[in-house]
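A short worksheet on the structure shown next.
The values are calculated or read from the model by the stated rules, or taken from the named source; none is laboratory data. Since the structure is predicted, the reported quantities are computational estimates derived from the model, not experimental observations. Heads up, the Cβs are rebuilt from the backbone with ideal geometry, glycines too, and the neighbour counts pull from every protein chain shown. Side chains are part of the model used for accessible areas, which takes the heavy atoms of the whole protein and leaves out ligands, DNA and RNA. Shrake-Rupley method; radii C 1.70, N 1.55, O 1.52, S 1.80 Å.
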Amino acid sequence: MVLVVLSTSLIFDDMIGQDVAGRKRRRETSSPLPGRLEWLVAFVSSIWLDVIVKEDMSMSGGGFGRWARLLIEFQKSLKKHSGYISTLAVILKTTNAKPWVNEFEPIELSCMIESISTPNPRIEWKKIKKGEPSYVYFGKQMAGDLERRAEIRHLASLFILNATRADTADYRCEVTAPNDQKSFDEILISLTVRVKPVVPRCSVPKSVPVGKPAELHCIEDEGYPKSHYQWFRNKEEIPEDPKSSPKFLNSSYAVSREMGTLKFSAVRKEDAGEYYCRARNEAGISECGPQMMEVYDINIAGIILGVVVVVTVLLCITVGIFCAYKRGYFTSQKQTGNNYKAPAKGDGVDYVRTDEEGDFRHKSSFVI
């Protein structure tokens, strides 16, 4: 049995050496090597393992060690030439399954063919957005929204010349090799295009009375991933916890970095100053211009004095109107029959007063 194993080992050594020489020749002619050895090696190794187990069960002493040493020598011979054993299968790999890039910058989606026997495999790229696939490389031509903006490099990798925010999606590299036993493989790559925030819209109240609440708002919609916000007063960042900074120790507020809000529960005189907001994400930062917020005291004595003055003025006006009415400045004289002066009599006209009418009327007509 030992002689058989040694003979088999020598035969395999010779076969592997011939296979190496043949592979070198085929490399010169650019013809892939058929993977005849892999299944044969696996088959013989399994037989050897079965023999070792049986010998170990039937023999005592150093029987198992002798077979183990033979197997180790055989494995060493395989390892020496393992780089030349090919497989009849297409296998893909990538250097980065989740790449990212800033907007308008180039990016390469790596799709490398690790093993293949078919000389001219079919290579396709698909873009998957919201679950809907679409071709971006088909029939050896760029297609879809990557047309004129991308190209294939290193046999199967997709190189985007200037990525835009619309390119954020999943991309699938598919390789079909008809001559291989495993004729198809694919790899999924998730691309993220990061977009710098635009200038945020900031809202700061111009003036707030002491002790009253106040809200400051900051928002922008263009940045990707979603922006986080920071508030500044007089060029100094406002911490999330007021107690963490001596300058904000007496302030009572709440900051939301996700929503971009700064809420004061009760404004103090120390809260007055210039406020501005900064939007930030992985692609960059952007700021709005500073805006002044004034804090003023409420003058209680002035308010009371103003109310007293207004009430006094209204009271004086009321008394004046009442006195004028009592003196008859607002009464009208009525015309009566007693103080009515009768008009002069004209020639041929007599006037007679009647009780029913209360006025004069013509008794006779004019005589001409």
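Looking across region 114-132 at every residue that is modelled with pLDDT of 95 or more and among the hydrophobic types (A, V, I, L, M, F, W, C), the one that is nearest to LEU146 (Cα to Cα) is identified as TRP125. Flag: ASP271 does not match the condition of being surrounded by fewer than 15 Cβ atoms within 10 Å (Cβ to Cβ) and not basic (Lys, Arg).
Please return the ranges of strands (runs of 3 or more DSSP E) entirely within region 278-368 where 3 or more residues are modelled with pLDDT under 80. Spell out the reasoning first.
On the way: elements: 284-287, 291-296, 351-354, 359-362.
Correct list: 351-354, 359-362.
For region 92-119, the tally of residues that are over 13 Å from VAL175 (Cα atoms), open to solvent by 80 Å² or more (accessible area, probe 1.4 Å), assigned to a strand (DSSP E or B) and free of Cβ contacts under 8 Å to residues at least 60 places away in the same chain stands at 0. Summed over region 123-152, the residues that are out of contact with any Leu (no Cβ under 6 Å at 6 or more places or on another chain), in contact (Cβ under 8 Å) with a residue 40 or more places away in the chain and either assigned to a loop (DSSP other than H, G, I, E, B) or open to solvent by less than 60 Å² (accessible area, probe 1.4 Å) (or both) give a count of 5. For region 233-242, the criterion of being part of a loop (DSSP other than H, G, I, E, B), closer than 26 Å to VAL101 by Cβ, acidic (Asp, Glu) and open to solvent by 90 Å² or more (accessible area, probe 1.4 Å) is satisfied by no residue at all.
Within region 203-229, take every residue that is in a strand (DSSP E or B) and open to solvent by 30 Å² or more (accessible area, probe 1.4 Å) and give me the one that is farthest from ALA266 (Cα to Cα). Across region 203-229, the extreme among qualifying residues is TYR224.
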